[in-house]
Amino acid sequence: MNRIIMLSAVASLFMAASLQAEETLPLKSVNKANEVIDAALEAHGGADNLAKLNSLVQESRFVNYANGQSRKPGPPWDKGEQESFNAIDFEKGLFVTRNAGFGGGYEFDGGSIINGEESWQLDYRAGTAAPIAEPDLNTTSGPFVRVTPALLMKQLQARRQVSHWLGEAEFQGRPHDIVTLVMEVGPGLSLYFDQETHLLTRMERVLPPFGQVEYRFEDYTQIDGIAFNRSFRLLLNGDDNLEVSNETIRVNAPVAEYAQLGAGLEIIPAVVPDEFNLQEIDEGVFLVGGTGAYGLFVEMKDHVVAIGGTQGAAARIEEVRKHIADKPVRFGVLTHHHSDHVPGAADYAAEGAAIVTFKENEAVVRNAAGKAEARLEFVDNRMSLSDGKRTVELYDIGPTPHAEHLLVAYLPKEKILFEADHFPQPRTGPLPPAVPATLAFAEALAELDLDLDRIVGAHSPRIGSLAELKAVVDSAAAAGAP
Ligand SMILES: [Zn+2]
């Protein structure tokens, strides 16, 4: 469309307004944002050059600090490493990403291809490709765009009409202007531009209740006349989370070759949304959840035992109430201290249930419960919850490569075991070869010598078996895992 006419119309409107009235705060904010954006576009390679930047291929190395996801509940955090590949082509609507690495008792190698009808989610360890039914370039490429100043500048160029100047701030001893950017998806971003160099040095986004994510762009260099940062850091609530070194950066390189599905991958059913659901897997035993977060509920004589502390426990309790209306949740069992496995503490505290955890995790759990009067019960090695008829056995199978202490829940009569983060079960398709955490889990189960039919987990509605666990251990051994 006729952007120049539109912009100049807007500009003359501002001029007319500024003759008639005092510069209001919103007007000042928009004017100042435009000034800062113009200078930043120039510093990052110029508006023309950035407009012509159509494709980008980048290879990076990451060191990641597992904040709230380490073996121990507090710092110093464990370190993981990964390599990542990203390629984007705006004109053709292509995006390819692949991440491989290790950390937290896991090894991973996966990615996505966004290429219209030929879009895939890939797991190279499992050797599978699942079609993506509703590919969304903006959502999938968002994480890459957010860590790449040249692409953020393109966003700012295209969406400057919704940007505001927030104010000035000192960052690393230098004065900066802060301008907002609202992308197609995701929360608003705050961009810090150095007042002297006009380069983007820092960005922030706020994700309640999770906290603040801070991006730092360092070691700028010029490639084909555009400014690229050789290194990047990500901080979570002020703690180091990622240190990234961008090793290869290719401007306007062809991307199409990477968007082809590699040979030898098994095509598995499409990835569909993980809808909230309840399965009664045995009489009075419910596996409830959705969106990758599940909990197990066990009906006892006069109460309910809830197991698993992932986000959304309140909704799961509500769903279970439709089946067990008249019994209170008396115990809320947390599997381990990781940040995605303790939010349930607040919901269990609100129910007046005792939160079952380890003494070592008390600070993390009290913080997640958010209530000074939350009742905690500590497991020392094992705990048995019984009503005389039905029993839930809790075992600490730690230390594992994933967590120092880890609770699994076992129902001896029903031969059901609930675990978290040690036996990943994709909703569809073959199970990937065992990662180190899975090997430790299999060993611990063998030692406990439990009579076992079904294994369910905190991240999947799939019901696994001991035979499947054995198969993934064997396939890891065949692949030469330790
Ligand atoms: Zn975990």
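Worth a mention:
- In a DSSP loop and with at most 15 other Cβ atoms within 10 Å, the GluC sites (Glu not before Pro) in segment 80-133 are E91, E117, E118.
- Against the criterion of solvent-accessible heavy-atom surface with a 1.4 angstrom probe, T24, T391 sort, most first, into T24, T391.
- Approximate spin-label separation E257-V206, in nm, with each point projected 7 Å along Cα-to-Cβ: 4.6 nm
- FRET E, pair S245, Q279, Förster distance 35 Å, beta-carbon r, rounded to 0.05: 0.20
- Solvent-accessible surface ranking, highest first, for E35, E319 at 1.4 angstrom: E35, E319
- Tilt relative to the chain, helix 436-448 - C-alpha long axis, 0 to 90 degrees, to 10: 10 degrees
- Table column - 3J(HN,Hα) (Hz), segment 305-313, Karplus curve with 6.51, -1.76, 1.60, x for Gly and Pro: 9, 9, 10, x, x, 5, 3, x, 4
- For segment 16-84: rounded, prolate or oblate by the Cα gyration tensor [a/c cutoff 1.5]: oblate
- Cβ charges +1 (Lys, Arg) and -1 (Asp, Glu), total dipole of the chain, debye: 540 debye
- Dipole of the chain, positive end: most advanced residue of H337, F108, Y395 [Cβ charges, Cα centre]: H337
- Relative contact order of the chain: 12 percent, from C-alpha pairs under 8 Å at least 6 residues apart in sequence.
- Solvent-accessible area of V244 with every protein chain in place, 1.4 Å probe, in Å² to the nearest 10: 10 Å²
- Sparse packing (at most 16 other Cβ atoms within 10 Å of the Cβ) combined with a DSSP loop state is found for the following trypsin sites (Lys or Arg not before Pro) in segment 380-446: K389, K413, K415, R427.
- The GluC sites (Glu not before Pro) of segment 350-385 that DSSP puts in a loop, and whose beta carbon has at most 11 other beta carbons within 10 Å, are E373.
- Taking 14 Å as the straight-line reach from the Cα of K92, the aspartates and glutamates in range (excluding those fewer than 8 positions away in the same chain) are E117, E118, D136, E257.
- Short-range pairs are left out: with C-alpha atoms under 8 Å and at least six residues apart, the relative contact order of segment 302-348 is 55 percent.
- HN-Hα J in Hz across segment 185-191 - Karplus 6.51, -1.76, 1.60, θ = phi - 60°, x for Gly and Pro: 10, x, x, x, 10, 10, 9
- Cβ charges +1 (Lys, Arg) and -1 (Asp, Glu), total dipole of segment 229-378, debye: 360 debye
- Orientation-averaged projected area, Cα convex hull of the chain (nm²): 26.6 nm²
- FRET E, pair A372, N138, Förster distance 51 Å, beta-carbon r, rounded to 0.05: 0.75
- Flagged links, alpha-carbon separation over 20 Å, of K327/K389; K389/K470; K415/K470; K79/K470: K389/K470; K79/K470
- Anchor K359: aspartates and glutamates whose Cα lies under 15 Å away (excluding residues fewer than 8 positions away in-chain): E377, D380, D396, E404
- Theoretical gain in end-to-end length, K470 to D449 [0.36 nm per residue, Cα-Cα removed]: 6.2 nm
- Cα-based helix-to-principal-axis angle, 149-159 vs the chain, degrees rounded to 10: 70 degrees
- For K28, the lysines whose Cα falls under 30 Å of its own Cα, not counting residues fewer than eight places away in the same chain, are K154.
- Table column - 3J(HN,Hα) (Hz), segment 283-290, Karplus curve with 6.51, -1.76, 1.60, x for Gly and Pro: 4, x, 10, 10, 9, 10, x, x
- A Förster radius of 25 Å, combined with the Cβ-Cβ distance separating F90 from K28, puts the computed FRET efficiency at roughly 0.15.
- For the chain, accessible area per residue (1.4 Å probe, heavy atoms of protein chains only), Å²: 46 Å²
The values are calculated or read from the model by the stated rules, or taken from the named source; none is laboratory data. Please read these numbers as outputs of a predicted model, since none were measured by experiment. All Cβ positions, glycine included, derive from the backbone under ideal geometry; neighbour counts span all protein chains shown. Ligands, DNA and RNA are excluded from the accessible area calculation, which covers all protein heavy atoms including side chains. Shrake-Rupley method; radii C 1.70, N 1.55, O 1.52, S 1.80 Å.
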